Every structure is written in C-alpha cells, then in structure tokens.
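Shown next, in structure tokens, is the structure this report addresses.
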Amino acid sequence: MSNSIIFDLSDIEDFTDTFTYIPSSDAAPCKDPWTLNKYVIVVVYTLVFLLNVIGNSLVILIICNNKLKRSSTDVYLLNLAIADLLFAVTLPFWAAYKAHEWVFGIHMCRFVSILQEVNFYSGILLLACISVDRYLVIVHATETAMQKRHWVKYISMAIWIFSFVTSFPTIWFKDVFLTDKIGVVCHENIGHENTEGWKVILRIGRHLVGFFIPLLIMLFCYGLTIKTLFKTKNNQKHRAMKVILAVVLAFLICWLPYNITVIVDSLMRTKYINETCKMRNQLDVALHLTEIIGYTHSCINPFLYAFIGQKFRNSFLRILASKGIISKEVLSHYGRTSSVMSTSGNTFATL
C-alpha cells in the first residue's frame, strides 16, 4: 500500500460504519454530523467482549458437561455460543479501529471481517434451525424429533460451511487503504466501475439470506408452535419455550434496527430515496448506534439462559458442587425446586 495515494471518499463503496458519506462533486458538501464519542464506543466494546467470553464459555462448559441429557436444541445452542465466541475475537480489533485507525494490516482486516460475517450468518441460521426443531418436537410429537436427532450435527456442520462460503465476498472485496480524512481504513473496495450495482446485489443477497428468509422461517414455526402450546397444558414445554422466545426476541431487538437502517441506506445510495445532507447525517448516526446494539447481542444469550432457564442454573450449580465451590445442601435445595423433565419430552435438556 502506497502512502502517497489518497482516495477520494466519493469513489469508494459505502463507508457508513466509519465516516460520513460525501456526495458527488456537483452537490454542496455536507457538514460533519454529530458522532458518538470514540472512547465510549471502546468502553462498550470492551464490556461486550468480557461478558461475551465469560458468558458463552460458561454455556459451552455446561452443555458439554451434560452429554447424556443433551437435546438437539442444546447442540444448536452450543454452536451459537461458539459463533458468539468467535465474534468476541474481533471486538478488540474493532475497538482499536474506532479509537484511531486500522493499524493491523490487510490480512487481519479480512480475518476479523470474515469472523464477523460468519457470526452474522450462523447466528440467524442456527436460531432458524432451533425454531424448526421446536416446531417438530411440539407440533409433530417427539417421535419425529428422535428420528432426526442424529442429523443435527450434520445440519450444524452445513451451517458453518454455508456461513464461511457466503462470507467469501468479504475476503474478496475487503481492503486496507488510506483516506484523506480518517486515515487508514479497513473496508470494502469494490472498485470504480458499476459500484452501485455490485453494492445493491451484495446487500440484497446478504439481507435476504442472512436475515429475512430465516426470520420468515422462525415466524412461521413459532407461530404454529405457540398455537399448539395454547391448546395444551404442558407447563414443562411452556417454560422451555420462554427461553427460546427470549433468545429470538433478543436477536430481533438487537439486529432488526441495523438491518432496516442498512436497507434505507441502500435505497438512498441507489437514488430510490432522495438524499439530503440532513438525512445522510441522521442515517450515519443511526448506523453507528444500531451497529453497536447489534454487537451487544453476542453477550446477551447467556444471561437469558441464567435468568429464565431453570435447567441452566441447576447444571451450573452441579458443576460448582462437583468442584467444591458450593455445598451439596445448596445443590439439593435448588434441585428440589426444579421440575423433572423426561428426556424424550423436554425442550431444553440443559437450558
């Protein structure tokens, strides 16, 4: 990379997560919008990183410690925790990037970017698989779930492969280059020709495959599942569904605003929505905020399991008792308050 080359920001594809877009030269330049304090962002990313590593490591420990009682949903949740841990690896790099500029070179730029993309795809696809799993167990009875259980590991493996393959454009287009306002950046560099066309194709594909299609699957499966649960008086399944629904709602609350904001940004950049300086500045701020909210999702699930999932708490206490950290009397007390769930009929074996 030659430091003598200065790229004009209007020639580069979509820098909304890093700095303000500058329209074509025939328009008046926009004033710099209000931006988040970079040190606040660094603190938030650091907290998310610590909570992510601690919480998801605990989830992996608990699920792996319950091999005999592990359900198909547990396998999906195990993979979800692994995906979130991989995303945690990227947070220190993004925090340093927000505080200054990209100083880690092109290889690390592509590496952390693909980990971020893999987390994005695998997270939503695993949640979609969980919704299908609950649909089969509750709506179509346990026998169907038992017959398909041996396929879970192959489905999980297919999700990982698909997520890496779908993230390939991240490696292909990701680049490190110098800008005249921000310094060195790690961002997409599609090129000068047909930039808008490629941008629309990539964004539409990403949001269809990585968000809206899995979302439709979840809404369909959970709609029918909840309808079935309302007709039954199975409290065990009701309690277990609370955990699943909380996980899905947390995902939607964290990532839906970002996806909608990016779609609006795409429509504006392709001239389907009139662009003004005011709208551009407001959208840039919205992209900053919604991206941060999306990143916080990676550390939320373990807290949902801990506060809502009784089985998760009991499994954690058993581990503590086995290590001598708590007494067996405490474990026995909590054990008596837990309802016993059959292996064939439970929704969560551990969570």
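The values are calculated or read from the model by the stated rules, or taken from the named source; none is laboratory data. These figures come from a predicted structure and were not determined experimentally. Here Cβ is always computed from backbone atoms with ideal geometry, including for glycine, and neighbour counts include all displayed protein chains. These area figures cover heavy atoms from the full protein model, side chains too; ligands, DNA and RNA do not enter into them. Shrake-Rupley method; radii C 1.70, N 1.55, O 1.52, S 1.80 Å.
Relative to the current alpha-carbon distance between LEU50 and THR228, full extension at 0.36 nm per residue lengthens the span by 60.2 nm. Taking 1.002 mPa s as the viscosity and 20 °C as the temperature, the Stokes-Einstein diffusion coefficient of the stretch 206-320 based on its alpha-carbon Kirkwood radius rounds to 127 µm²/s. Coupling constants for the stretch 305-313 follow from the phi torsions by the Karplus curve (6.51 cos²θ - 1.76 cosθ + 1.60, θ = phi - 60°), and in residue order they are 4, 5, 8, 10, x, 5, 4, 4, 5 Hz; glycine and proline get x.
Note that the stretch 70-79 has calculated 3J(HN,Hα) couplings of 6, 9, 5, 5, 4, 5, 5, 5, 4, 5 Hz, one per residue in order, obtained from phi through the Karplus relation 6.51 cos²θ - 1.76 cosθ + 1.60 (θ = phi - 60°); glycine and proline are x.
Applying the Karplus relation 6.51 cos²θ - 1.76 cosθ + 1.60 with θ = phi - 60° to the stretch 114-128 yields 3J(HN,Hα) values of 6, 5, 5, 5, 4, 4, 4, 6, 5, x, 5, 5, 5, 5, 5 Hz, where x marks Gly and Pro. Note on surface exposure: TRP255, TRP160 rank TRP160, TRP255 by accessible area, highest first, 1.4 Å probe. Using the empirical formula 2.2 N^0.38 Å as the baseline, the Cα radius of gyration of the stretch 30-106 reaches a ratio of 1.51. For a label point 7 angstrom out from the Cα of ILE171 toward its Cβ, which stretches of the stretch 70-102 have the backbone nitrogen within less than 20 Å? Zone members listed by number: 83-84, 86-91.
What's the magnitude of the charge dipole for the stretch 37-113 around its Cα centre, counting Lys and Arg as +1 and Asp and Glu as -1 at the beta-carbon? Answer in Debye, nearest 20. That gives the stretch 37-113 a dipole magnitude of about 120 debye.
Rounded, prolate or oblate: which fits the stretch 61-152 when a ≥ b ≥ c are the square roots of the eigenvalues of the alpha-carbon gyration tensor, with rounded for a/c under 1.5 and prolate only if a/b beats b/c? The shape class here is prolate. Projecting label points 7 angstrom from Cα along Cα→Cβ for ILE260 and ILE204 puts them 2.2 nm apart. Using a probe of 1.4 Å on the protein chains alone, the accessible area found for THR46 is around 70 Å². Ordering LEU86, LEU127 by accessible surface, largest first, gives LEU86, LEU127; the 1.4 Å probe counts only protein heavy atoms, with every chain in place.
Between amide H atoms placed 1.01 Å from N, distances below 5 Å from CYS186 occur with TRP102, all of them 5 or more places distant or on a separate chain.
Placing +1 on each Lys and Arg Cβ and -1 on each Asp and Glu Cβ, with no other charges, gives the stretch 54-159 a dipole about its Cα centre of roughly 300 debye.
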